[in-house]
Amino acid sequence: MKKFYAVITVNDLQVPWRFLFHGNMARPRAIHVTWLACHGNLATKDKLCRFNMIQDSRCNLCKTVDESLGHLFFECPHTLIIWKKVLTWLEIVHTPGSWLEKLHWVINFNSRKGWRASILKLAFTKTVYGIWAYRNDVIFQHNTNRNIYDSIIDCIVYRGWSSKKIRKHIVSLMV
């Protein structure tokens, strides 16, 4: 067993974003969607077009370019506004770039210890999930009136409230 475990835990096989999920207080479904996004396995329209499951690969939010993982989460003007609002609420100055740039930035930020890293981990996971859920609402329910920003902040406050080290800082962010 020891040899088998040593083989499957080789550092070359580990992904750098694995620490994004350790101690993350987000809901399991949000963690799962973020995990799928990190693996590149979300069923975005460009991927569905490659499998000939759909014909139109344009983004349903901006309707200008093809929907890819990078476009959906960080290049679409609608989702870029959501990221900027969440980061402003967290009092973090950062301009979201591409999917890989953002993922590396979150990984580097989370290499630190403390309440800011914990909240950013939660916020990143919840925002990815919130954008995915909003995208699905637009496509399947034709619901564009949903206020995604408030639901993301509410979830961050609610999930972060259970941690004593984060609770007092969430109160300061809410003022």
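Here are the numbers:
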item: Solution diffusion estimate, µm²/s, Stokes-Einstein, segment 62-147, Kirkwood Rh from C-alpha pairs, 37 °C, viscosity 0.692 mPa s; result: 241
item: Chain lengthening between S172 and L80 when straightened (0.36 nm per residue, less Cα-Cα); result: 30.6 nm
item: Cα-based convex hull volume of segment 1-149 per residue, rounded to whole Å³; result: 143
item: Ranking by accessible area, most exposed first, for V138, V93 with a 1.4 Å probe; result: V93, V138
item: Per residue accessible area of the chain, 1.4 Å probe, in Å²; result: 58
item: Number of Lys pairs (Cα under 17 Å; 8 or more positions apart or on different chains) in the chain; result: 16
item: Residue-wise HN-Hα coupling along segment 22-27, computed from phi with Karplus coefficients 6.51, -1.76, 1.60 (Hz; x: Gly, Pro); result: 6, x, 6, 8, 5, 5
item: Under the span-like rule (Cα at least 15 Å along the axis, Kyte-Doolittle mean at least 0.0), DSSP H helices of the chain; result: 28-39, 77-89, 115-136, 148-160
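The values are calculated or read from the model by the stated rules, or taken from the named source; none is laboratory data. Everything numeric in this text was worked out from a predicted model, so none of it was measured. Each accessible area value is taken on the protein alone, full model and side chains, heavy atoms only, with ligands, DNA and RNA left out. Shrake-Rupley method; radii C 1.70, N 1.55, O 1.52, S 1.80 Å.
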